[in-house]
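Student: Shown below is the structure under consideration.
The values are calculated or read from the model by the stated rules, or taken from the named source; none is laboratory data. Please read all numbers here as calculations on a predicted model, not as lab measurements. With ideal geometry, Cβ positions are generated from the backbone for all residues, glycine too; neighbour counts draw on all protein chains shown.
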Amino acid sequence: MATATLHLADVGGYPGPARCWKLDPPVQIDDAHYDYATVWVQPGYAWQNAEVGTVIAHESGAVAGSTVHRRAGSFTLQGDADTPEYIDGCHLLALQLLGGYTVRVRDES
């Protein structure tokens, strides 16, 4: 089963709150495999819906590659992501769309 484990809960430099996820197995994009993906939720504005962005990433949460190409898992919301539960759901859907990943809870012991 494809799983994603929260790697970094707060990654800066994106247009909204971002989290970096460790992917198991790595996602394949073109001819390369990537162990990490960063997902952010950008708030909506007066004439722009809220958006969820997904990019392949390095361990630091920074974009892997030379440009911020949104990948599968990016989508536009019809409302605004204004509760923690809604934001968690956005991350879950983005990871499922990226490669069928489910969220794995980290074992803190």
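Student: Give region 53-81 a look and list any residue that's on the phi > 0 side of the Ramachandran plot and out of contact with any Cys (no Cβ under 7 Å at 6 or more places or on another chain), or say none.
Tutor: Going through region 53-81, the residues on the phi > 0 side of the Ramachandran plot turn out to be 61, 65, 73.
Matches in region 53-81: GLY65, GLY73.
Student: Could I ask something else about it? Within region 69-90, how many residues turn out to be over 13 Å from the mean Cα position of the chain (by Cα) and either under 14 Å from LEU8 (Cα atoms) or surrounded by fewer than 20 Cβ atoms within 10 Å (Cβ to Cβ) (or both)?
Tutor: Matching residues across region 69-90 total 10.
Student: Pull up region 2-19, narrow it to residues that are touching an Asp or Glu at 6+ places or on another chain (Cβ under 9 Å) and part of a loop (DSSP other than H, G, I, E, B), then point me to the one that is modelled with the highest pLDDT. Give the derivation first.
Tutor: Pass one, region 2-19, residues touching an Asp or Glu at 6+ places or on another chain (Cβ under 9 Å): 2-5, 7-8, 15-19.
Keeping just the survivors that are part of a loop (DSSP other than H, G, I, E, B) gives 2, 15-17.
On the way: ALA2: 92, PRO15: 86, GLY16: 85, PRO17: 89.
Selected residue: ALA2.
Student: OK, next. Name the residues in region 49-71 that are among the small types (Gly, Ala, Ser) and part of a loop (DSSP other than H, G, I, E, B), would you? Walk me through how you get there before you give the answer.
Tutor: Within region 49-71, the subset among the small types (Gly, Ala, Ser) is 50, 53, 57, 60-62, 64-66.
Matches in region 49-71: ALA50, SER60, GLY61, ALA62, ALA64, GLY65, SER66.
Student: Please go through region 20-48 and give me each residue that is part of a loop (DSSP other than H, G, I, E, B) and closer than 24 Å to LEU77 by Cβ, ordered by number. Break it down stepwise before answering.
Tutor: Start the filter on region 20-48 by keeping residues that are part of a loop (DSSP other than H, G, I, E, B), which leaves 30-31, 43-44, 46-47.
Within region 20-48, PRO43, GLY44, ALA46, TRP47 meet the criteria.
Student: Can I ask one more? On the basis of being surrounded by 16 or more Cβ atoms within 10 Å (Cβ to Cβ), touching a Leu at 6+ places or on another chain (Cβ under 8 Å), at pLDDT 80 or above and at negative phi, does ALA50 make the cut? Explain how you work it out, then say what you get.
Tutor: Working: surrounded by 16 or more Cβ atoms within 10 Å (Cβ to Cβ): yes; touching a Leu at 6+ places or on another chain (Cβ under 8 Å): yes; at pLDDT 80 or above: yes; at negative phi: yes.
Yes; evaluated as a whole, the condition is true for this residue.
Student: Just checking, how many residues over region 1-11 are without any contact (Cβ under 8 Å) to a residue 40 or more places away in the chain and either of a type outside the set (D, E, K, R) or under 13 Å from THR54 (Cβ atoms) (or both)? Show your work before the answer.
Tutor: Kept after step one, since they are without any contact (Cβ under 8 Å) to a residue 40 or more places away in the chain, are these residues of region 1-11: 9-10.
Now restrict to residues that are either of a type outside the set (D, E, K, R) or under 13 Å from THR54 (Cβ atoms) (or both): 9.
So the count comes out to 1.
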